[in-house]
Each structure stands twice: as structure tokens, then as C-alpha cells.
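Structure first, then comments.
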Amino acid sequence: MPWPRQRRVLRRWRRTRPFWGGLLLILGGAELLLVPLSPLTVLVSLGLGGIAAIGIGIALVVAGLFLWFLPHTHHYVSVNALILSVLSFAATNLGGFLVGMLLGIAGSAMGFGWTPVPEDAEEDPAPPRVRDGQGTRTLAVLLPVVIVAGIVNGSPARAAPAPSIVAARTPPTITTTLFAPKGFIVAGVTKIPTADGPLKVMVLRMKAASLTDYALKTRDGGGELALGADTLDLSGSVTLYLTKFKGCIEGLLCLTFTPDRLPVPPLVPPFVFMTDVSAEQALVTSDSIVAGGLSLKASA
């Protein structure tokens with residue numbers, strides 16, 4: 001074989017990143033780009049569908065490059081790429097006539113399940129024994145199915161011990177037009193004390209969160225109280241204890257979660273935001289809460 005030294009360098013570089021997953025994402029994005037730009041006389045989706053195909057195609061190509069040059073972000077990038085690949089079926093020409101969509105799904109799964117190989121490893125190492133990363137590879141194979149099936153039948157997980165604070169009998173209802181979390185993770189399910197006994201809630205943790213057009217309504221043995229704010233910023237070990245959470249991911253995919261139906265995967269990529277959010281919030285803890293345009297109203 002020619003160029004043995006160059007091939008050795010390329011092989012060493014390729015083994016330190018999810019190369020094949022990135023390549024499939026780039027090929028899937030390129031295919032989505034080529035369909036609306038091709039001289040085909042009939043397309044399944046025209047107009048906005050062509051614009052969506054170009055946007056999703058560019059995003060998948062960029063995701064593939066991220067896997068190549070920023071491999072430590074492979075979990076976040078792969079989940080976002082998977083969501084875009086699935087959405088391409090409805091937003092573009094049937095996902096580039098299924099080819100681009102399937103390439104994107106396969107590349108996302110391979111990128112998510114990639115396990116780093118030490119740079120000083122042998123050229124042809126022996127098959128590794130079962131190790132901690134093996135579970136990640138198994139999840140990658142099932143990732144597309146798990147995300148869809150988990151929306152309907154999410155299994156509760158165990159969360160950290162509940163706080164000793166006694167929550168209200170009836171969880172207040174909150175609404176917000178935009179919920180933008182940072183470092184969002186579903187910590188599982190727990191029970192918190194209330195005046196009427198333990199209440200089963202799901203636990204959401206994040207480093208910070210920004211809410212726009214925030215509104216809270218509560219009725220706990222008396223008249224209704226309404227608290228509103230133009231903006232609400234939470235930061236520093238934010239924990240939400242919710243009995244219900246409803247919203248639209250990226251303003252497109254609307255879902256409802258409860259303690260008996262949790263989102264899958266539990267880790268939410270940093271690029272994701274939610275719109276038209278409504279939730280039943282039993283308790284919230286945060287190091288800092290800053291409200292802008294605060295208002296308080298009461299009614300009988």
C-alpha cells in the first residue's frame with residue numbers, strides 16, 4: 001500500500017474521535033442539501049421545505065465537523081443531530097427521500113456511542129474487555145428507538161433525597177413562553193413532604209435557567225394568588241420539583257412529562273430550549289433568583 005506514513009498518521013487521528021459517525025452526518029447533510037438544489041422536476045416538499053432542507057443539511061454537516069474536531073462534545077452534538085435527522089422527514093423532502101435521514105440517524109448513534117481510545121494505544125489492540133463505556137455503545141444502538149419509545153413509556157429513576165421543606169398542598173401552576181436551561185438533567189423521581197402527606201415529583205436539575213413572560217398561580221386553602229414577571233433568571237444549583245411538565249422542544253415537538261413518564265435521554269443538550277411551557281411546580285430551590293418586571297395579584 002502506498003503512503004504508509006501518511007496512512008499511519010491518519011489512522012491515529014481517526015481513532016481519537018468518532019470519525020465514521022461524523023462522516024455519516026456530513027454525507028447525510030450533503031444529501032439533504034443536494035435534493036432541493038438538484039434539477040429534479042418533482043419534489044415532495046417545495047418552498048419552505050427546500051429552505052428547511054438547506055438549514056437541516058448545513059446543521060448536520062456542522063455536527064459532523066464537531067464530531068471530528070471537538071470529539072468531547074459527541075453526546076450533546078449527537079442527540080441534536082438525531083433530533084434534526086428525524087425532523088427532516090416531515091420538514092424536508094421525506095428526509096432527502098429517506099437517504100439523508102437514515103445517514104443522519106446512523107451517524108448520530110455512532111457518534112453518541114463512541115468511546116475514546118488512548119492516543120498511545122497500540123496500532124492493532126486486542127479486543128477490549130467489558131468496561132464502563134460498553135453501556136454507552138449499547139445505548140447508541142438503541143438511541144433512536146429509546147428516544148421515541150421513552151416519550152410514551154419512560155421509566156422512573158431514583159433521585160437524590162427530598163428536601164425537608166414542606167411544600168404546598170396543591171402545586172402552583174407556572175407558565176412561560178420561553179424556557180432556556182443550562183446544564184439541564186433529569187435527576188429522577190422522589191417524594192417531598194406536604195401538609196397532606198408525601199407527594200411524588202420528578203426532579204430537574206440545572207446550572208441556570210432563563211424564563212420569559214413568567215406567571216405563577218397558586219391556590220392553597222384560600223384565594224388565588226398570581227405572581228408574574230417579564231423575566232426570571234435562576235442560577236446556581238437550580239432544582240425543580242414538578243408533578244407535570246409540558247412544553248415544545250425548539251418550538252416544534254410538544255411533549256408532556258410526569259413522574260411516571262420521564263424524558264429519554266435524561267441529559268438535555270445545551271442548545272435546546274422550550275416554548276409554551278406549563279408546569280405544576282411543587283417546589284423550587286436556587287442559589288439566586290432575579291426577577292424583572294415583578295407583579296403580584298390576589299383574587300377571592
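The values are calculated or read from the model by the stated rules, or taken from the named source; none is laboratory data. Predicted, not measured: the structure shown is a model, and the values here were computed from it. As a convention, Cβ positions derive from the backbone with ideal geometry for all residues, glycine included, and neighbour counts pool all protein chains shown. All accessible areas refer to the heavy atoms of the entire protein, side chains included, with ligands and DNA or RNA removed. Shrake-Rupley method; radii C 1.70, N 1.55, O 1.52, S 1.80 Å.
How much accessible area does Lys217 have with a 1.4 Å probe, in Å² rounded to the nearest 10?
110
For Lys246, which lysines qualify as cross-link partners when the Cα separation must be under 23 Å and same-chain residues fewer than eight apart are set aside?
In chain and number order, the partners are Lys182, Lys191, Lys200, Lys207, Lys217.
Any chance you could look up the accessible area of Tyr76 with a 1.4 Å probe, heavy atoms only, rounded to 10 Å²?
90
Per residue of the range 62-76, in order, report the coupling 6.51 cos²θ - 1.76 cosθ + 1.60 (Karplus, θ = phi - 60°) as ³J(HN,Hα) in whole Hz, putting x for Gly and Pro.
Couplings: 5, 4, x, 5, 4, 5, 6, 9, 10, x, 5, 9, 5, 5, 4 Hz.
Test of understanding: extend the Cα→C-beta vector of Thr256 to 7 Å, then name every residue of the range 181-221 with backbone N under 17 Å from that spot.
Answer for this model: 202.
By accessible area of protein heavy atoms, probe 1.4 Å, what ranking do Met202, Met110 get, highest first?
Highest to lowest solvent-accessible surface, that is Met110, Met202.
At 1.4 Å probe size, with every protein chain present, just tell me what the per residue accessible area of the range 50-117 comes to in Å².
Value for the range 50-117: 39 Å² per residue.
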